[in-house]
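Each remark here refers to the structure printed beneath this line.
The values are calculated or read from the model by the stated rules, or taken from the named source; none is laboratory data. All of these numbers come straight from a predicted model, not from anything done at the bench. So basically every Cβ, Gly included, is an ideal-geometry build from the backbone, and we count neighbours across all protein chains shown.
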Amino acid sequence: MQKTKTKQKRAKPQKRLKNQKLLLDFEFRDLFTKDYRWALFALIVLPLLVYLQVWHFKFVWDDSGHLSNSFVINPSWANLKNLFNLPYFGMYIPINYLFLGVLKAFAELLSLPLNSVLHLTNVVVHIINGLLVFTILKQFVINKWAVLIGTGFFLLHPLQVETVVWVSELRSLLGFGFSMAALYWHIKNPEKLSYTSLLFFVLAVLSKPSAVTLVLFVFLINYFHYKFNLLKNIWKTLPYALIALIAVVIAHSVQAQYDANISQYTIAFWQRPFAWLDSMVFYFYKILYPYHLSASYTLSPKFIATQWWFYPLALLPLALGWLLWLKRKKQPLLIFAILLFITGFFTTSGFVDFAYQRYSLVANRYLYFSMFGVGLFVATVFAKVDKKYWQGLIIGVLVVFATLSVFKQIPTWKNEITLWTNAAAYEVVPNYVYINLGLALSRQGKYSQAITSFDRVIDYYQKHAVSKNTTHYVSKAFFNKGNALSQQKKYPQAMISFDKAIANYPKGAIPQSALPHISKAFFNKGGILFGQKKYPQAIVNFDKAIACYPNGVIPKNAIQHISEAFSSKGAALFNQKKHDQAWIAFNQAVKINPKNKMAHNLKAITLDLLKNKADKTKP
């Protein structure tokens with residue numbers, strides 16, 4: 001009798017809102033019950049099997065830059081303070097670097113390879129995100145197997161590979177995970193403000209600013225699922241919107257400081273809706289046919305705005321939107337899913353300025369949030385079709401996509417050579433990929449092949465008119481070509497390349513983003529002249545390298561070579577027996593970079609020499 005009462009008590013319906021929607025149909029902990037053990041097994045094991053191969057992958061692209069963060073290198077209290085006070089690498093993402101620092105310390109503690117720890121961490125976070133996606137999708141679709149298939153598309157689709165395999169994209173994984181946690185706590189009781197939800201949202205935007213898209217997710221769920229009227233919806237979404245506003249202001253300020261010339265890469269406001277619609281078509285195509293995927297497509301707003309298809313292509317999503325509007329009452333869940341997909345990449349769709357758009361408006365990693373909408377769409381369709389044939393077809397497509405991830409897309413991220421060689425096949429304009437491929441080849445000592453890559457960029461822009469927006473690529477290609485020629489000891493050709501890198505910018509009109517490689521071009525020229533014992537000419541070039549950063553304001557990424565420019569200048573003066581001036585140069589080198597051992601040694605030698613001279617002149 002007691003058991004019967006217990007069962008009856010458990011069978012009571014959950015508390016309902018006034019609109020009769022359940023507060024929470026499915027909780028995260030329910031995933032670990034007996035009824036869902038096979039679903040849980042699939043959600044963990046399948047992506048683990050697909051992505052396990054990444055454990056030995058190398059660091060690529062921007063990984064070294066992110067791992068050079070002071071807190072990541074040395075997780076101290078002082079660096080922790082700087083982590084939250086200062087932006088880094090053109091972004092304010094302290095939570096991302098906090099995780100990287102802790103993971104690096106963990107790897108060192110257990111003497112584990114850092115690349116393996118970080119790659120497998122990405123995989124684990126992706127799996128956790130999949131569990132959160134399953135939990136939230138279960139609120140909208142009752143059929144657990146349909147939800148499992150939808151979540152499978154989120155976890156295994158080839159478009160997700162870039163975010164999961166690239167260590168630098170831990171920020172996106174964390175941003176999405178915290179966003180889903182915030183959404184989960186909001187769904188627990190949308191009638192009340194959840195401070196836990198807001199806390200998770202703060203963690204999300206501190207992991208990646210584009211997590212502000214959660215505001216649109218909350219708004220759409222309130223409208224479609226809970227049927228809130230507009231005024232109530234705005235009121236319930238307002239706390240999230242305020243947090244998002246602060247995050248947007250900070251992100252815009254940081255990016256403006258990082259690249260003061262960001263306006264050069266943008267298009268007119270009236271053109272931006274067309275760029276957004278075109279990117280939508282691009283992503284729809286990649287969702288359906290994820291075969292020719294690349295780390296870079298070089299479809300910048302400036303480039304696509306000059307193409308004949310820029311305006312007509314925008315008509316396709318408009319036509320699709322009209323058809324969906326006609327079906328809004330019959331298929332609200334499908335429309336809800338499509339809107340989630342579109343809003344997922346809204347912050348990187350062309351409406352808002354962001355630094356990477358100088359290279360490309362579209363990227364695979366920008367769809368990570370949007371794949372939540374794809375998962376809901378697939379789950380909804382799978383639940384609606386009755387025939388086993390159609391369900392089998394959907395499962396078959398998922399198997400094909402997972403196979404593409406395993407054998408085609410994931411292996412391209414094995415190292416920099418495989419990454420950029422693959423990307424070179426799909427890059428529209430040969431600049432960003434070929435420069436990165438050339439640098440990767442140079443690091444492996446393949447200088448002739450590297451020079452060929454740099455020449456691809458130079459030849460393309462010599463055949464096409466070089467504008468202000470493309471000067472950066474040409475200049476950087478000449479600079480890197482000069483470095484490769486120097487390694488081959490072809491110094492006259494290297495000097496020509498450095499001169500051409502510098503000459504691409506009018507005197508006094510070098511943009512902030514170009515200063516590092518222009519300063520290094522002068523420094524490298526000075527080094528070649530120093531080796532030829534042409535000390536006066538070498539000093540002139542060292543001074544020009546230093547002059548790129550007037551008033552002593554030197555960014556972190558230039559401290560080392562500017563310090564070396566002073567110490568090299570000092571060495572040239574020393575060889576000319578100008579010891580007083582040499583000591584001043586060495587002293588400046590040490591002041592800029594106290595870790596410059598060569599400057600310390602030369603400064604000490606010069607000081608001893610000056611003291612001996614002073615002693616000899618005493619009566």
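Just a yes or no: is a residue in the range 213-224 in the same structural domain as G130 (by TED's automatic domain parsing) and under 30 Å from V117 (Cα atoms)?
Step one: filter the range 213-224 for residues in the same structural domain as G130 (by TED's automatic domain parsing), giving 213-224.
The next check asks that each one be under 30 Å from V117 (Cα atoms); those that pass are 213-214.
Yes, the conditions are met somewhere in the range 213-224.
Can you tell me which residue is farthest from H252 (Cα to Cα) among those in the range 67-88 that are aliphatic (A, V, I, L, M) and assigned to a loop (DSSP other than H, G, I, E, B)? Before you say what the answer is, go through the steps one by one.
Filtering the range 67-88 for residues aliphatic (A, V, I, L, M) gives 67, 72-73, 78, 80, 83, 86.
With assigned to a loop (DSSP other than H, G, I, E, B) added as a condition, the list becomes 67, 86.
Working: L67: 23, L86: 14 Å.
Once the filter is applied, the top-ranked residue is L67.
Based on this model, can you work out whether I246 counts as over 28 Å from F26 (Cα atoms), part of a helix (DSSP H, G or I) and among the hydrophobic types (A, V, I, L, M, F, W, C)?
Details: over 28 Å from F26 (Cα atoms): yes; part of a helix (DSSP H, G or I): yes; among the hydrophobic types (A, V, I, L, M, F, W, C): yes.
So I246 passes the test.
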| What is the one condition in (1) surrounded by fewer than 17 Cβ atoms within 10 Å (Cβ to Cβ); (2) at pLDDT below 95 that L238 does not satisfy? | (2)
| For N74, are the conditions met, namely being on the phi < 0 side of the Ramachandran plot, more than 20 Å from the chain's Cα centre (by Cα) and surrounded by fewer than 20 Cβ atoms within 10 Å (Cβ to Cβ)? | yes
| message | Regarding the range 262-273, can at least one residue be identified that is outside any loop (DSSP other than H, G, I, E, B) and touching a helix residue (DSSP H, G or I) at 6+ places or on another chain (Cβ under 7 Å)? | response | yes
| said: What's the total number of residues in the range 389-431 that are closer than 25 Å to F154 by Cβ and either among the polar types (S, T, N, Q) or assigned to a helix (DSSP H, G or I) (or both)? | reply: 28
| query | Taking the range 275-317 on its own, how many of its residues are within 17 Å of F341 (Cα to Cα), of a type outside the set (G, A, S) and out of contact with any helix residue (DSSP H, G or I) (no Cβ under 7 Å at 6 or more places or on another chain)? | reply | 6
| remark: Of the residues in the range 64-79, those that are among the aliphatic types (A, V, I, L, M) and modelled with pLDDT under 90 come to A78
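This table checks each residue for (1) more than 13 Å from the chain's Cα centre (by Cα); (2) assigned by TED's automatic domain parsing to the domain that holds A379; (3) modelled with pLDDT of 95 or more.
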{"site": "G130", "(1), (2), (3)": "yes, yes, yes"}
{"site": "Q139", "(1), (2), (3)": "yes, yes, no"}
{"site": "I142", "(1), (2), (3)": "yes, yes, no"}
{"site": "L148", "(1), (2), (3)": "yes, yes, yes"}
{"site": "L156", "(1), (2), (3)": "yes, yes, yes"}
{"site": "L159", "(1), (2), (3)": "yes, yes, yes"}
{"site": "V167", "(1), (2), (3)": "no, yes, yes"}
{"site": "G175", "(1), (2), (3)": "no, yes, yes"}
{"site": "F178", "(1), (2), (3)": "yes, yes, yes"}
| task | Among the candidates S486, S453, single out the residue that is of a type in the set (S, T, N, Q), more than 21 Å from A355 (Cα to Cα), surrounded by 24 or more Cβ atoms within 10 Å (Cβ to Cβ) and at pLDDT 90 or above. | result | S453
